[in-house]
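**Q** Before I ask anything, let me first share the structure, which is written out below as structure tokens.
The values are calculated or read from the model by the stated rules, or taken from the named source; none is laboratory data. Because the structure is a prediction, the values reported are computed rather than measured. A quick note on method: Cβ atoms are made from the backbone with ideal geometry, for glycine too, and the neighbour counts reach across all protein chains shown.
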């Protein structure tokens with residue numbers, strides 16, 4: 001399979017990710033408002049950030065551009081890095097607030113079921129993107145694949161938090177899981193920004 005064919009396949013995955021996350025944002029925010037669950041609302045906000053990152057990758061891989069152009073690669077990595085930083089900040093603020101105020105997430109069995117489904121979908125997409133990124137040697141796509149895999153982890157963690165709250169009252173499980181994901185996002189942000197700097201210096 002040629003590089004152009006692989007890039008087109010990567011673009012199809014990104015378009016699918018954008019469509020899924022747009023629907024996911026509307027659904028989880030709606031379920032969160034109905035159940036009074038900040039966990040679900042926060043997950044919907046994360047989906048909006050994911051749409052931005054996927055749009056960056058579409059811009060980077062769109063037809064008519066060389067995928068290894070240093071200036072565009074540096075810009076894409078920089079935008080992905082700042083998106084990771086924004087996600088880390090949003091998750092940290094929400095998680096710390098919930099822990100300090102001992103706020104219990106609302107009970108939403110449907111929300112938990114959907115999040116488990118989302119975790120599987122994001123895991124499949126993330127693995128597929130990572131393989132394509134390695135095949136076409138695209139650093140931005142590789143980074144975005146890691147964000148998709150983190151989204152899968154966040155979905156599973158949020159679902160577990162909602163489930164533990166419903167079953168045994170462990171209200172703190174969700175914010176703790178969010179803090180773990182936020183910590184990982186900080187590392188990803190730093191790595192992307194450092195790599196963007198290296199690409200810029202190569203110009």
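**Q** If you go through the range 22-46 one residue at a time, how many are in contact with a helix residue (DSSP H, G or I) (Cβ under 7 Å, 6 or more places away or on another chain) and in contact (Cβ under 8 Å) with a residue 60 or more places away in the chain?
**A** So the answer is 13.
**Q** Residues to consider are 133, 94; find the one that is in a helix (DSSP H, G or I) and modelled with pLDDT under 85.
**A** After applying the criteria, what remains is 94.
**Q** Quick check, is residue 120 assigned to a helix (DSSP H, G or I) and under 18 Å from residue 171 (Cβ atoms)?
**A** No: the conditions fail for residue 120.
**Q** Sort out which residues of the range 168-180 are touching a residue at least 60 places away in the same chain (Cβ under 8 Å) and crowded, with 21+ Cβ neighbours inside 10 Å, and write them in order of number.
**A** Once the filter is applied, which keeps residues that are touching a residue at least 60 places away in the same chain (Cβ under 8 Å) and crowded, with 21+ Cβ neighbours inside 10 Å, the range 168-180 yields 174, 175, 178.
**Q** Let me ask something else about it. Among the listed residues 23, 42, 64, identify the single one that is part of a helix (DSSP H, G or I) and at pLDDT below 80.
**A** Just a single option satisfies the conditions, and that option is 42.
**Q** Tell me, please, whether a residue that is modelled with pLDDT of 90 or more, surrounded by fewer than 17 Cβ atoms within 10 Å (Cβ to Cβ) and under 30 Å from residue 71 (Cβ atoms) can be found in the range 114-127.
**A** yes
**Q** Of all residues in the range 26-39 being surrounded by 24 or more Cβ atoms within 10 Å (Cβ to Cβ) and in a helix (DSSP H, G or I), which is modelled with the highest pLDDT?
**A** Per the stated criteria, the residue is 28.
**Q** Still on this model: Run residue 165 past the list (1) touching a helix residue (DSSP H, G or I) at 6+ places or on another chain (Cβ under 8 Å); (2) over 20 Å from residue 9 (Cβ atoms); (3) assigned to a helix (DSSP H, G or I); (4) without any contact (Cβ under 8 Å) to a residue 40 or more places away in the chain and report the number of the one that doesn't hold.
**A** Unmet condition: (4).
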